[in-house]
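Read the structure below first, then the notes.
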């Protein structure tokens, strides 16, 4: 029989149950911690069981165990292997849940582990820290405990683990001369022990994820696969080697020689690789075909998927497995609770539970014949036809505007050096100007007011007044702190993408379409189903009001076209570049309207710019060309004296610095604090031509850094960037923080900037 499975399921729960339990534990007083921990652990147990039963009751051959994590699956693997950052001083074998969270969030003594994007997704993983002293002697037994749980329920278990080569590839060492691959033999021995423990529990299959096989790897990393998997041979379990997010064709011959029992391919992102694999697949190996999209929410074309696999099934028979393309971590849990979503649009969608059903249906089609699932096939066909024929998808006005785009629309009136002189005169900012990235704490009062307004319990006028009160509070606090360029605080914004999307045509929205970004942080990506159009101004009145409260410059805060694209579920019926241009035109209009309203600083956030970069270098330039064009079109329609900022965070940017420079923002702010300004070194070597604000305050941690710590980072920044082009700011927005820690950290930041200004000017610091 054709086997069916998924590569992983969302962790957070359909109603974000895990998020609430986590935050209750983190916020608990010491005396309440034991009870909160017990509640958290029970929530985790319930979610695991619920998600396994979704898979089992749908008829999948296996339930996937090992995809659950309290914070992050890579951090879980670090804890399991026993390779914790030595600077925390935690004993791996006795690691507590509280200590686990300190690794992720930092504590009074140590900053949190570095966090960055999981390949080209908006999920963030914790970066393993390795070095000559790293040992893999074993730690927590949480994975084995989860296997026990699933087996006690009578469920057939397939375990998922991130593979050893990918683990080392994603890790970092702060010793310049240290070769991470020198740890591979020791690491593989740890995997052998772990796999042996799984075999002892009766586990037959382990899905071992090596997503870096979708990258263009250097020779030493390719050789690492051969040595690692030779040593894993005979470990007692069957290994399903899984890669996803891109084609593996460039490594297919190498992979096919590895002594594993099966291979998983992402046939959504790279359907073209199937034919080559059918020629290379070893005689006894299984082929897991990922034909149900784990990255987007559109309903599967069951007939097309069946046709895509027909040749493979005729050749392989029962050695063909049907699967999701990747883990379903990247999509919401279920459509069941979406009661307000437009019925027609809802019929076009599939979330995680629905995708599990799609995998099962395709398996039944092979095992029992298409007639056994004819109803499901007919329903899917009708939904797809509805979407293709809907008059809501295409907008003539948008199509006309796209046709009118010309190269001049992407050019500022003058080059940066000329603009900088004009802006310096207009803004009258001091050396090392201080600012923030945009948002301030979303307090319970703000969230309650927004919820009451959405329920109709608060009038539009009263809601507006409450938001204005919050804006006034944010402006007053910034003035008291001594910040130089202010923001209105974004009290009215639920999310930096969804807020803007709600004002644009072509978007649809869910009530509970939550997706984990990191830890307890969840986002609710809006859905781009049609052409994008801005019918009216979005932020102008709010920003104008904030500016009226202060004589200091007020930044207009916008989300850029590439981030709007990346952090939405995007239509798949036209090139992403076309959708990006539609978004750019809408944002361009907003930028121009802000300038007309007297706003002289406008920030167009692009934190997802690097995230959109294709995994294969050969495809980079095409992406960068249209992504840079989209940003420039959004930003270039203003005068020289209007200063354009952008913001980027939690990605590796050093390999695309020429493209970032080509965006031609007057100022870029970037996340650098978790990596101790490591990222900034690249900007220095590249001689980044415009102004730059390296983050000196990690906003994802409740830890308040000292003045000295921030001063140290700023002094390091001065070594690589000319001081006249440096700004001082946090890593990111402050939405998730509380006011006390925010004010304390910003006060330290401003003081550090003043100290350095004084030193640089050789003047005594004012009392």
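The values are calculated or read from the model by the stated rules, or taken from the named source; none is laboratory data. Being a predicted model, the structure only gives us computed values, none of them experimental. Neighbour counts run over all protein chains shown; Cβ positions are idealised from the backbone, glycine included.
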Which of the residues spanning segment 152-177 are in a helix (DSSP H, G or I) and on the phi > 0 side of the Ramachandran plot? none
Test: residue 451 is more than 28 Å from residue 649 (Cα to Cα), free of Cβ contacts under 8 Å to residues at least 12 places away in the same chain, surrounded by fewer than 22 Cβ atoms within 10 Å (Cβ to Cβ) and within 31 Å of the chain's Cα centre (by Cα): yes
Could you list all residues from segment 251-269 that are in contact (Cβ under 8 Å) with a residue 40 or more places away in the chain and either assigned to a loop (DSSP other than H, G, I, E, B) or within 22 Å of residue 612 (Cβ to Cβ) (or both)? 260, 261, 266, 267, 268, 269
Filter segment 338-350 down to residues that are surrounded by fewer than 23 Cβ atoms within 10 Å (Cβ to Cβ) and not in a loop (DSSP other than H, G, I, E, B), then give me how many there are. 4
Residue count for segment 188-210, restricted to those that are within 20 Å of residue 243 (Cα to Cα) and part of a helix (DSSP H, G or I): 3
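Could we say that residue 446 is within 24 Å of residue 395 (Cβ to Cβ) and surrounded by 17 or more Cβ atoms within 10 Å (Cβ to Cβ) here?
On the way: within 24 Å of residue 395 (Cβ to Cβ): no; surrounded by 17 or more Cβ atoms within 10 Å (Cβ to Cβ): yes.
Spelling it out, it is not the case that residue 446 is within 24 Å of residue 395 (Cβ to Cβ) and surrounded by 17 or more Cβ atoms within 10 Å (Cβ to Cβ).
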Which condition does residue 600 not pass, out of (1) closer than 23 Å to residue 485 by Cβ; (2) surrounded by 24 or more Cβ atoms within 10 Å (Cβ to Cβ); (3) at pLDDT 95 or above, if it passes all the others? (2)
So the strands (runs of 3 or more DSSP E) completely within segment 629-735 holding 2 or more residues that are more than 22 Å from residue 441 (Cβ to Cβ), more than 22 Å from the chain's Cα centre (by Cα) and in contact (Cβ under 8 Å) with a residue 12 or more places away in the chain are 643-648, 691-694
Given the criteria surrounded by fewer than 17 Cβ atoms within 10 Å (Cβ to Cβ), over 30 Å from residue 294 (Cβ atoms), in contact (Cβ under 8 Å) with a residue 60 or more places away in the chain and touching a helix residue (DSSP H, G or I) at 6+ places or on another chain (Cβ under 9 Å), does residue 542 qualify? no
Return only the number of the condition from (1) modelled with pLDDT under 95; (2) under 30 Å from residue 565 (Cα atoms); (3) under 29 Å from the mean Cα position of the chain (by Cα) that residue 445 does not satisfy. (2)
Tell me which of these residue 747 doesn't satisfy, since it passes every other one: (1) modelled with pLDDT under 95; (2) closer than 19 Å to residue 488 by Cα; (3) assigned to a helix (DSSP H, G or I). (1)
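Here is a check on your reading of the model: is residue 373 within 28 Å of residue 272 (Cα to Cα) and either at pLDDT 95 or above or touching a strand residue (DSSP E or B) at 6+ places or on another chain (Cβ under 7 Å) (or both)?
Answer is yes for this residue.
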Would you be able to tell me the number of residues in segment 353-389 that are surrounded by 14 or more Cβ atoms within 10 Å (Cβ to Cβ) and under 30 Å from residue 631 (Cα atoms)? 1
Going through segment 217-245 one residue at a time, which ones are at pLDDT below 95 and either farther than 24 Å from residue 3 by Cα or in contact with a helix residue (DSSP H, G or I) (Cβ under 6 Å, 6 or more places away or on another chain) (or both)? 235, 236
Could you figure out which of (1) in contact with a strand residue (DSSP E or B) (Cβ under 7 Å, 6 or more places away or on another chain); (2) crowded, with 20+ Cβ neighbours inside 10 Å; (3) at pLDDT 95 or above; (4) within 21 Å of residue 591 (Cα to Cα) isn't true of residue 515? (4)
Of all the residues that make up segment 34-65, how many are farther than 18 Å from residue 149 by Cβ and either at pLDDT below 95 or part of a loop (DSSP other than H, G, I, E, B) (or both)? 2
What residue, of 309, 320, 335, is buried (at least 19 other Cβ atoms within 10 Å of the Cβ), over 20 Å from the mean Cα position of the chain (by Cα) and more than 24 Å from residue 286 (Cβ to Cβ)? 335
Given (1) touching a strand residue (DSSP E or B) at 6+ places or on another chain (Cβ under 8 Å); (2) within 30 Å of residue 296 (Cβ to Cβ); (3) at pLDDT 95 or above, index of the condition residue 130 fails: (2)
Scanning segment 1-33 for residues that are more than 30 Å from residue 358 (Cβ to Cβ) and in a loop (DSSP other than H, G, I, E, B) gives 28, 29
Flag for residue 507 being surrounded by fewer than 24 Cβ atoms within 10 Å (Cβ to Cβ), touching a helix residue (DSSP H, G or I) at 6+ places or on another chain (Cβ under 7 Å), assigned to a strand (DSSP E or B) and touching a residue at least 60 places away in the same chain (Cβ under 8 Å): yes
Looking at (1) part of a helix (DSSP H, G or I); (2) in contact with a helix residue (DSSP H, G or I) (Cβ under 8 Å, 6 or more places away or on another chain); (3) without any contact (Cβ under 8 Å) to a residue 40 or more places away in the chain, can you tell me which one residue 79 breaks? (3)
Boolean, residue 77 is within 22 Å of residue 217 (Cβ to Cβ), touching a strand residue (DSSP E or B) at 6+ places or on another chain (Cβ under 6 Å) and modelled with pLDDT of 95 or more: yes
Given the conditions (1) within 17 Å of residue 360 (Cα to Cα); (2) in contact with a strand residue (DSSP E or B) (Cβ under 8 Å, 6 or more places away or on another chain); (3) surrounded by fewer than 21 Cβ atoms within 10 Å (Cβ to Cβ), which single one is not true for residue 304? (2)
Residue list for segment 138-151, filter: at pLDDT 95 or above and in a loop (DSSP other than H, G, I, E, B): 139, 140, 141
Yes or no: segment 521-535 includes at least one residue that is out of contact with any strand residue (DSSP E or B) (no Cβ under 6 Å at 6 or more places or on another chain), assigned to a strand (DSSP E or B) and modelled with pLDDT under 95. yes
Residue that is more than 26 Å from residue 567 (Cα to Cα), assigned to a strand (DSSP E or B) and touching a helix residue (DSSP H, G or I) at 6+ places or on another chain (Cβ under 7 Å), where the choices are 287, 278, 274: 287
For residue 609, which of the numbered conditions (1) assigned to a loop (DSSP other than H, G, I, E, B); (2) surrounded by fewer than 24 Cβ atoms within 10 Å (Cβ to Cβ) fails to hold? (2)
Criterion violated by residue 90 - all others in (1) crowded, with 21+ Cβ neighbours inside 10 Å; (2) in a loop (DSSP other than H, G, I, E, B); (3) in contact with a helix residue (DSSP H, G or I) (Cβ under 6 Å, 6 or more places away or on another chain) satisfied: (1)
